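The values are calculated or read from the model by the stated rules, or taken from the named source; none is laboratory data. Just so you know, these numbers come straight off a predicted model, no measurement behind them. FYI the Cβ positions are ideal-geometry reconstructions off the backbone, even for glycines, and counts take in every protein chain you see.
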Amino acid sequence: MRRRETGSKDDSFAWFAELHAAGALLPSDDDRLRDSAETVLRFQRQLSSELHALVDAALTKSGVELTADLGQSMPCRVLVLSEGGIDEIWCALSVQTLDGEIIRPELRDILFARLEEHLAPITFETRSDWPTGEVEWFEAVRFGLR
C-alpha cells in the first residue's frame, strides 16, 4: 500500500483541495437534478413493488378486497373475482393522498402500466364503477386473466 506523498503529482488531497477552492467539489445543479430524478424513480419503483405485492396477495384470496396505502400515502384497493375460469382483477388508485393532496394522473398511469406488465398477457380497461359499490376519489381499472 502506497502512502501519500505531499507535493506529488498523484497527491489526491491537493487535487481535492483545488476542486474545493474552485467550488467544483460541491454538488452542481446537474448533480441535484440527477438526485431529484433518481428520488422520483425510486419512489415510483417502491409504489409499483407494493402494488404488485398487493395484487399477488389478492390473487390468492379471490373475492376478498384488499387495501393498502402505497408509499404510506396513496390509498389503493384490489379485488379479484373468479368466475367461469376467468379471473378479473380490479384495481383502484386514489386520486388524492391521505393528506388530501392531489396525485398526478401520470403517476397513476405509470402504476397501472407497470401492473399491466406485471400481469401480462391480459386484457385491460378503465372503469368508472367498482364491483362492491362506490369508489369515490379513486380511478379504477379491470384486468382480465384467463
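Among the conditions (1) in contact with a strand residue (DSSP E or B) (Cβ under 8 Å, 6 or more places away or on another chain); (2) surrounded by 15 or more Cβ atoms within 10 Å (Cβ to Cβ); (3) more than 16 Å from residue 141 (Cβ to Cβ), the only one that residue 91 does not satisfy is (3).
Matching residues to (1) touching an Asp or Glu at 6+ places or on another chain (Cβ under 6 Å); (2) at pLDDT 95 or above; (3) under 16 Å from residue 135 (Cβ atoms); (4) loosely packed, with under 14 Cβ neighbours inside 10 Å:
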| position | (1), (2), (3), (4) |
| --- | --- |
| 45 | no, yes, no, yes |
| 56 | no, yes, no, yes |
| 66 | no, yes, yes, no |
| 72 | no, yes, no, yes |
| 75 | yes, yes, yes, no |
| 83 | no, no, no, yes |
| 86 | no, no, no, yes |
| 104 | no, no, no, yes |
